[in-house]
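What follows is one structure encoded as structure tokens, with my remarks underneath.
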Amino acid sequence: MTRLRQIVTLAIPLSLAPILTGCANIISSTGPSRGAVMAAENGPNLSGIRIVELDSSVVQRISQSQKKSAFSQSLGDGIRRGTVIGIGDVLDITIWEAPPASLFGSVGNTSGIGASDPVSKATSLPQQRVGEEGFVFVPFAGSIPAIGRSTTDIQTEIVRRLRGKAHQPQAIVRIAQNATTSVTVVGEVGGSQRMPLSDRGERLLDALAAAGGTRQPVNKITIQITRGDRVRSMPLDQIIADPSQNIVLQSDDVITALYQPYSFTALGATGRNEELPLEASGITLAQDLGRMGGVQDQRADPKGVFIFRFEEPAALGITNINGAITNSEGKVPVIYRVNLKNPETFFVAQSFPMHNKDVVYSSNAPLADFQKFLGIVSSIVLPIASAQTVVQK
């Protein structure tokens with residue numbers, strides 16, 4: 001029995017040595033520690049990632065960059081083409097003559113202004129579509145250039161050519177069908193369409209209303225405007241709330257209503273590890289912390305809460321992105337560090353905007369990992385110690 005006790009006493013330390021050594025390697029963790037994340041900026045495989053301490057100056061810079069990307073700043077009101085004529089437009093031309101009026105007596109539809117009008121006579125010419133040659137034909141006036149000219153210019157030209165042929169001629173030119181000055185509205189709207197523009201200057205919300213409005217809730221819709229080679233997007237509810245974003249449209253604008261159920265992902269020592277919904281207009285970090293149930297008191301490192309994001313270079317104060325790591329949209333990777341131990345952070349969090357596809361990660365506190373280690377050791381050592389006690393008896 002004494003020999004058995006000696007063997008067990010010797011075997012226990014020898015068996016514990018590799019087990020305890022391996023415990024540190026097998027302890028499960030929800031992700032990197034605070035130190036590991038902070039070292040990512042200088043890591044060999046992650047060079048180019050920026051670590052930014054979240055404070056009021058960061059929030060102010062992001063707010064300024066968002067203003068610059070708003071429709072009123074990035075696009076502005078479109079150039080109003082007014083009644084400029086283009087290929088494919090259909091024109092209505094009406095000519096008046098003072099009596100005795102006989103030049104246009106047999107052309108088009110002739111009628112007086114009143115039922116028995118002795119003063120003037122109006123003649124409506126057949127509608128004409130402007131072809132590739134760019135001319136419209138007026139009897140006795142000939143072919144008149146139309147492309148690139150306003151209706152007023154054409155009226156003046158008609159009157160000038162008819163002087164000496166008609167008695168006190170007057171002319172009115174109107175665009176009956178606008179084929180060249182229009183915008184396209186597509187996406188989550190009642191009915192996609194090409195909407196003609198008038199010299200009144202139709203605005204963005206006019207186009208959406210003409211297309212039957214949106215088919216999804218306003219706070220779930222993002223409006224994208226494509227103007228030439230520029231593409232800009234804004235949440236619809238922000239456009240409605242800020243009249244300056246209801247910009248004047250210009251010819252060939254493409255308005256797309258996008259239904260995008262945005263979301264962010266909460267990971268680590270947070271109250272909820274899952275993908276959570278995000279309105280198109282976004283929420284603040286303070287709201288985000290509430291939705292994910294905050295961070296866990298027993299596990300979380302309050303100085304190690306991080307937001308992983310691809311950010312616009314302007315939001316980081318970067319003017320030259322040559323050599324920087326970027327994604328397909330030209331955005332740079334950034335990790336915002338949030339220190340929940342600092343009371344000021346909770347004021348900053350009320351203004352810091354969350355974005356679609358953000359990842360919020362809360363690292364474990366060093367003590368939490370140590371407690372895990374102790375728990376594993378206890379679960380291994382206690383049964384062995386009990387066995388040793390039994391042998392000694």
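Throughout, read-outs are computed from the coordinates displayed, never taken from laboratory work. Remember, it's a predicted structure, so these values are computed and weren't measured experimentally.
Going by a ≥ b ≥ c, the root eigenvalues of the Cα gyration tensor, does segment 214-328 fall in the rounded group (a/c under 1.5), the prolate group (a/b larger than b/c) or the oblate group?
Since a/c reaches 1.5 but b/c is at least a/b, the shape of segment 214-328 is classed as oblate.
Pull up all non-local amide H partners of Ser251: gap of 5 or more, or a different chain, and H-to-H distance under 5 Å with H placed in the peptide plane.
Arg81
Once amide H atoms are built 1.01 Å from N in the peptide plane, which residues 5 or more positions from Asp358, or in another chain, come under 5 Å H to H?
Counting only residues 5 or more places away or on other chains, the set is Thr265.
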